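Taking it in order: structure first as structure tokens, then the write-up.
The values are calculated or read from the model by the stated rules, or taken from the named source; none is laboratory data. In this text, all values refer to a predicted model and were calculated from it rather than measured experimentally. In this analysis, Cβ positions are derived from the backbone assuming ideal geometry, glycine residues included, and neighbour counts consider all displayed protein chains. These accessible areas exclude ligands, DNA and RNA; they are computed on the full protein's heavy atoms, side chains included. Shrake-Rupley method; radii C 1.70, N 1.55, O 1.52, S 1.80 Å.
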Amino acid sequence: KEKSWVVGVQDGKQSKAYDWNALKKSMLINDTIGNEPIVLVLLSDQKSFFAFRRPGPETFVMRNDSLVAASAAYALRDLFVTNKLERLNANQVFWHTWRTFHPNTTRFDGTSK
């Protein structure tokens, strides 16, 4: 809907919108923007969210305060100091606003990749 909240994620010239309620339900979304693997995570406060470029096709799960994959774990509190995962621009806005400023954006279809 036009006034639905989304989290818009920008990766270079490509962007994608994620439904806020879907993110609240899942807390973590592994996806791709274009061909780039990303992860979008909502913290337990249900307000703070972050998007990162995943280092490869491996997907993450959330355990306590860490993003965990088969080959590595990243404590969220350390990611902002160490920059081990590249942070992407992510903003919470109304769908109609995001679409206006990102006319070529895609929408997350609910299927993690």
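The Stokes-Einstein estimate for the chain, based on a Kirkwood radius over Cα pairs and taken at 25 °C with 0.890 mPa s viscosity, is a diffusion coefficient of 173 µm²/s. Only helices enter this figure: runs of n ≥ 4 DSSP H residues, each worth -39500 (n - 2.57), summed and divided by the residues of the chain, yield -4500 deg cm²/dmol at 222 nm to the nearest 500.
Report, for the chain, the % of DSSP beta bridges that are antiparallel, rounded to 5.
On the way: 31 of 33 bridges.
In the chain, approximately 95 percent of DSSP beta bridges are antiparallel ones.
Per residue, how much accessible surface does the chain expose to a 1.4 Å probe? Answer in Å², no decimals. Please report the intermediate quantities before stating the final value.
Values: 6730 Å² over 113 residues.
It amounts to 60 Å² per residue over the chain.
Compute the signed sum of charges (Lys and Arg +1, Asp and Glu -1) over the other residues within less than 13 Å, Cβ to Cβ, of GLN46. The partial results should precede the final answer.
Values: positive: LYS24, LYS25, LYS47; negative: ASP45.
Around GLN46, the charge tally is +2.
Other residues whose C-beta falls under 12 angstrom from the C-beta of GLN10 contribute a net charge of +2, scoring Lys and Arg +1 and Asp and Glu -1. Using the Cβ-Cβ distance between LEU28 and THR100 with R0 set to 22 Å, the FRET efficiency works out to roughly 0.20. Of all the accessible heavy-atom surface of the chain, with the other protein chains kept in place and a 1.4 Å probe, what percent is carbon and sulfur? Answer for the chain is 49 percent, counting heavy atoms of protein chains only. For the chain, modelled as a GNM whose springs connect Cα atoms under 10 angstrom apart, the maximal fluctuation among SER66, SER15, SER48 occurs at SER48. Counting lysine pairs in the chain whose alpha carbons fall under 21 angstrom apart, excluding pairs fewer than 8 residues apart on the same chain, gives 17. Other residues whose C-beta falls under 13 angstrom from the C-beta of PHE94 contribute a net charge of +1, scoring Lys and Arg +1 and Asp and Glu -1.
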